Amino acid sequence: MNQRFPSRHPHARGLGVTSQRARDRLVAGLRQAGVTHEAVLEAMARVPRHAFIDEALSYKAYEDTALPIGHAQTISQPFVVAHMTALLLGEGDPPDTVLEIGTGSGYQAAVLGELVRSVYSLERIPPLYQRARACLRELGYINVRVRLSDGTLGLPDYGPFDGILITAAGEEVPAALLDQLADGGRLVAPVGAPGNQRLMVMQRQGRDVTTRELDPVSFVPLVAGLE
Ligand code: SAH
């Protein structure tokens with residue numbers, strides 16, 4: 001399943017047994033933790049998470065924890081990446097185009113890049129944007145496009161999107177993003193004040209939007225405007 005977008009990164013096979021083993025162990029742990037979406041698990045077995053973090057932390061790359069990426073931001077915990085990606089994809093055909101708000105390290109964008117045809121990812125902090133873009137390019141993710149822009153405004157010229165994933169928490173989901181969600185499309189986002197956030201899944205059906213409130217989560221804040 002999910003061989004539509006095989007990994008294209010040049011290092012994928014040359015990384016050595018340790019990294020693939022470490023990734024396989026991580027994926028086994030995610031399975032135990034309750035992730036059942038096979039395509040998502042397969043994607044996470046392929047994406048070299050260590051390439052998205054500082055070398056000094058690479059020994060922790062395949063632990064199921066969030067890690068600092070500088071500028072007071074973090075690469076999300078793998079379980080959270082798997083869970084949110086599975087919620088975004090659902091069980092049917094994968095979405096065609098996905099918009100991610102909060103590129104950060106670029107790791108979540110790469111996981112999406114393994115699973116959908118086209119990914120746009122927006123970041124507001126210039127050095128993170130530059131690093132993520134370079135990393136994704138080096139790994140060969142030509143279907144992932146990273147932009148330096150304020151994600152609360154979305155990317156109106158490229159929408160509507162079949163899926164929107166927000167990886168920073170706002171008090172509410174920006175209206176512009178709901179406007180850019182295609183009919184039948186799904187938006188997954190952490191919502192709420194610090195210390196009181198929950199994962200939300202919103203689905204558009206024509207003019208109506210249904211909302212499901214799920215697990216408590218802890219994300220860095222969604223901040224309007226560029227840094
Ligand atoms: N998805 C990332 C983790 C994101 S951390 C990964 O896989 O590594 C959240 C990111 O959202 C941070 O990099 C932060 O700068 C960014 N962010 C916060 N508000 C934003 C906004 N309005 N537009 C774009 N990016 C934003």
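Please treat every number below as a calculation from the coordinates, not as lab data. If you're wondering where the values come from, they're calculated on a predicted model, not measured in any experiment. Cβ atoms come from the backbone with ideal geometry, glycine included; neighbour counts cover every protein chain shown.
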Item to complete: Give the residue that is farthest from the chain's Cα centre (by Cα), with candidates limited to residues of the range 130-154 that are within 13 Å of the ligand (Cβ to nearest atom) and in a strand (DSSP E or B).
Response: Leu148
Discussion item. Need pairs with beta-carbon distance below 8 Å; first residue within 10 Å of Leu99 (Cβ to Cβ) and aliphatic (A, V, I, L, M) and within the range 142-159, second outside any strand (DSSP E or B) and more than 9 Å from the ligand (Cβ to nearest atom); sequence gap 6+ or separate chains.
Written reply: Leu155/Gln180
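Among the residues of the range 76-135, write down those that are of a type in the set (Asp, Glu) and closer than 18 Å to Leu222 by Cβ.
Scanning the range 76-135 gives Glu100, Glu123.
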Item to complete: Kindly provide the set of residues from the range 71-109 that are more than 9 Å from the ligand (Cβ to nearest atom) and farther than 24 Å from Arg31 by Cα, ordered by number.
Response: Asp96, Thr97, Val98, Leu99
Worksheet entry | Number of the exception - Asp157 against (1) under 21 Å from Gly206 (Cα atoms); (2) more than 11 Å from the ligand (Cβ to nearest atom); (3) touching a helix residue (DSSP H, G or I) at 6+ places or on another chain (Cβ under 9 Å) | (3)
Item to complete: Considering only residues that are assigned to a helix (DSSP H, G or I) and more than 10 Å from the ligand (Cβ to nearest atom), look in the range 110-125 and name the one that is nearest to the chain's Cα centre (by Cα).
Response: Gly113
Discussion item. I'd like the residue in the range 188-227 that is within 19 Å of Val98 (Cα to Cα) and not in a strand (DSSP E or B) and, out of all such residues, is nearest to the ligand (Cβ to nearest atom).
Written reply: Leu222
Practice prompt. Could you tell me which of the residues Val27, Val35, Val98 is closer than 29 Å to Gly184 by Cα and not in a loop (DSSP other than H, G, I, E, B)?
Written response: Val98
Worksheet item: Do you know which of the residues in the range 38-53 that are of a type outside the set (A, V, I, L, M) and buried (at least 21 other Cβ atoms within 10 Å of the Cβ) is nearest to the ligand (Cβ to nearest atom)?
Response: Phe52
Item to complete: Select from the range 76-94 the residues that are surrounded by 24 or more Cβ atoms within 10 Å (Cβ to Cβ) and either without any contact (Cβ under 8 Å) to a residue 24 or more places away in the chain or in contact with a strand residue (DSSP E or B) (Cβ under 6 Å, 6 or more places away or on another chain) (or both) and list them in ascending order.
Response: Met84, Leu88
